[in-house]
Structure formats: structure tokens, C-alpha cells
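Encoded as C-alpha cells, the structure appears first; notes follow it.
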Amino acid sequence: MRAKVLGVPSPLAVGFEITHRCNLRCSYCDRNRRLSHEMSLGEILEALGGLRRLGMCALSLDGGEPLVHEDIDTVVRWLSDHGVLLRINTNGVLIGRHTDAIRHMSKVKISLDGPPSVHDAVRGQGSFWRAVRGALMARDLGCKVEFTCVVGPHNLGHVDDLLGIAQRLGLEVVFQPLRGSLVRSATREPTPLDDRIRDLFRRIEAFKTAGAPVGNRWSSLKHFRGWPDDTPLPCAAGWINATLDPEGNLFACAQTDRTGIKNNVIELGAEEAFRRLCRSGCRQCWCARVVEENYAWGCRADAFLPPRAAAGGAS
Ligand SMILES: C[S@@+](CC[C@H](N)C(=O)[O-])C[C@H]1O[C@@H](n2cnc3c(N)ncnc32)[C@H](O)[C@@H]1O
Ligand code: SF4
Ligand code: SF4
């Protein structure tokens, strides 16, 4: 809370896109190609060491697919040895080959876009069952596991099927909206589908109220009711959060438009790269867990109440 109370920023929680390479080619994703100057193992540990000295105590592995990185096991061991709390975002396919690394995760978040036919249409034949097998394996290793589902035209009518599957597996699903791009501008043009997405998030709220395994907190569900209209919210990006890309560039948030931006930890040092971050936030917060952390960071207790209690019965 030093960042909040004293106004001194510190990268307590870092998102690390260790590689943008991926073993899948999901139809809506544009963060799945190798960047030309990926850091070497030595540079990765140097960058992480710098962030650790600045206060990093939690790190979420992301990608691309983090488990395709040849040094993932070594990097995880290093982070664990340095007392960093670890999470991973993964498509789940390679979990069986990295059980030693997975064991160190406090949470494993596996993407699941719908029932088998829907998931495989977006992510490739056979990927649904490989994701589910990965989820069960991670659970058997003792990790907390949740599914992440990006909601868009590909799965609008299949959310109840997915919740039924999750219920049978005893796992929760966290929902968040599809964006036009993961690496370009945050601005989003309205589309004719937007009303249906908003309606769907209201239905997801109702499913949660009825006891379905919806992993979102109320705060992110309420936030997504208005998607994609701009919604102001407290933003911890650059204050306690930062995102490191495979080349060592540091951003306040994964949502930053990266076109032409370099802010390299290896060239500048972690302290200077972190100092240079933009801390002005945006109004298009879309990642459910980040939205929830932002409302918590802003001490917005009202956002965490169930819809009826928060709105005095009006919602
Ligand atoms: C980029 S992936 C990286 C981790 C891993 N490869 C996976 O698929 O979970 C992280 C999350 O971003 C989501 N994603 C990919 N493209 C997206 C987009 N255009 N809009 C919103 N989410 C997207 C994926 O569905 C996944 O849940
Ligand atoms: S969403 Fe994940 S698994 Fe799919 S292509 Fe993108 S990085 Fe790969
Ligand atoms: S408000 Fe915008 S900048 Fe802040 S965490 Fe959310 S997406 Fe990132």
C-alpha cells in the first residue's frame, strides 16, 4: 500500500508475456507470433531481478503461450526461489509436460471458449479436451484452477452450456469481453453486436445469482454491463502493476497501445523503465481480474456488492 498511501509507485504485481509464440492460432488473437528480439534467459533474469528489487512480489505468466518457452521451467524456479507468488494464463495444452513448473502456481487460468464444438472452431481441433485435461491435471497437482472465457460473436449462444460443463468439473469460469486487438489501440468502434454482449453479461449476472459457477466478482460483471462504452474506474496500472513483453519492454498495462513504443528494461534498467510509465489509465478496462483489482485499489466497496443490494433494488 506504499504506492497508494505515499504516492510512491512500485511494480508489486507484474504481468510477464514471456513469449508471443504460441502452439495455437485462435481466430480472434493477434498476440501469437514471435517478436524479433526476444530476451535471452540471462536478460529475462536480469529484468526480473530489477523488478524484484523495485518491489515485485507477484507475477502472472502470459503470452502467447508461456508453456512453449524453452526456459519456462528455469524462470519459474527462479521466481519461486525469490519468493514471488505465481499465476499463469495458458491454453492448457502443455501442462502435462511442465508439471514441476505448474506445481509452483498459486493459480492456473485456462482459456475455455465454450463447449467442444465452439472451442475447437476457434482454437483448433482437439484443443477443448486438451484444455480440460490440463485443467484436471493442474487441479490434481494442488493448484487453484479457473477457466477464462472471452465472450464474442463466436460463443454468444453457448455460455449456459459452458457453465454446465464447468459445474460438472467443479470449476469456475471467469468471463470477459472480446476486443478488436490485444496489441493495438484501446479505442473500440461500436458494432451491432454490442447490445447482445451487454445482455449476455446481464444474463451471466443472473446465472451467478442463481448459483452457477461464475468466477467473476460482481464488480467486473457490473462493469461489463456497459461494454464497450467508456467506463471510468480507478486504475492501478503503473502504480502497483506493470506488464513486461518478451523483448523486455515495460508497459503500465497490457492494454497499452504498443505501436512503436519501446521502454526497455535491459537498455534503461528497471528503475528508469518503470519511472517512465504512463499512469493515466483508460476507460476500456476489459480483463475481468484487472477490473476487479482496480475497483479494490480504488476502495470501491460498493462495486463488490450483489447488483440488487448495490442499486437499492433497482438493477
Ligand atoms: C493472449 S492469451 C495468452 C495465454 C494463453 N495462450 C491462453 O490462450 O490463455 C490470454 C487471454 O487473452 C484472450 N484473448 C486473445 N485475443 C483476445 C482478444 N482479441 N480480445 C480479448 N481477449 C483475447 C485469450 O482468450 C486468453 O484468455
Ligand atoms: S489466445 Fe492464447 S492460445 Fe490462442 S492464439 Fe492467442 S496466445 Fe495462443
Ligand atoms: S483502466 Fe485501462 S490502463 Fe488501467 S488497468 Fe484497465 S485497461 Fe489498463
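The values are calculated or read from the model by the stated rules, or taken from the named source; none is laboratory data. Just so you know, these numbers come straight off a predicted model, no measurement behind them. When we count neighbours, we look across all protein chains shown, and the Cβ atoms used for this are built from the backbone with ideal geometry, even at glycine.
Key figures for this structure:
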item	result
Some residue of segment 239-261 being of a type in the set (S, T, N, Q), outside any loop (DSSP other than H, G, I, E, B), in contact with a Pro (Cβ under 9 Å, 6 or more places away or on another chain) and crowded, with 16+ Cβ neighbours inside 10 Å	yes
One residue from Lys222, Lys262 being touching a helix residue (DSSP H, G or I) at 6+ places or on another chain (Cβ under 7 Å) and not small (Gly, Ala, Ser)	Lys222
Filter pass, Leu67 being within 12 Å of ligand 2 (Cβ to nearest atom), of a type in the set (A, V, I, L, M) and in contact with a His (Cβ under 9 Å, 6 or more places away or on another chain)	yes
Filter result for Gly164 (more than 18 Å from Trp286 (Cα to Cα), at pLDDT 95 or above and outside any helix (DSSP H, G or I))	no
Those residues of segment 87-107 which are closer than 14 Å to Lys144 by Cβ, away from ligand 1 (no atom under 16 Å from the Cβ) and not polar (S, T, N, Q), in sequence order	Arg103, His104
Segment 262-272: number of residues that are in contact (Cβ under 8 Å) with a residue 40 or more places away in the chain and in a helix (DSSP H, G or I)	4
Neighbours by Cβ (under 7 Å, 6+ apart or cross-chain): first from segment 279-295, among the aliphatic types (A, V, I, L, M); second part of a helix (DSSP H, G or I)	Ala288/Ser220; Val291/Ser219; Val291/Ser220; Val291/His223
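Rundown of residues vs (1) modelled with pLDDT of 95 or more; (2) more than 25 Å from Leu85 (Cβ to Cβ), yes/no style:
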{"residue": "Ile197", "(1), (2)": "no, yes"}
{"residue": "Phe201", "(1), (2)": "yes, yes"}
{"residue": "Gly215", "(1), (2)": "yes, no"}
{"residue": "Ala270", "(1), (2)": "yes, no"}
{"residue": "Arg283", "(1), (2)": "no, yes"}
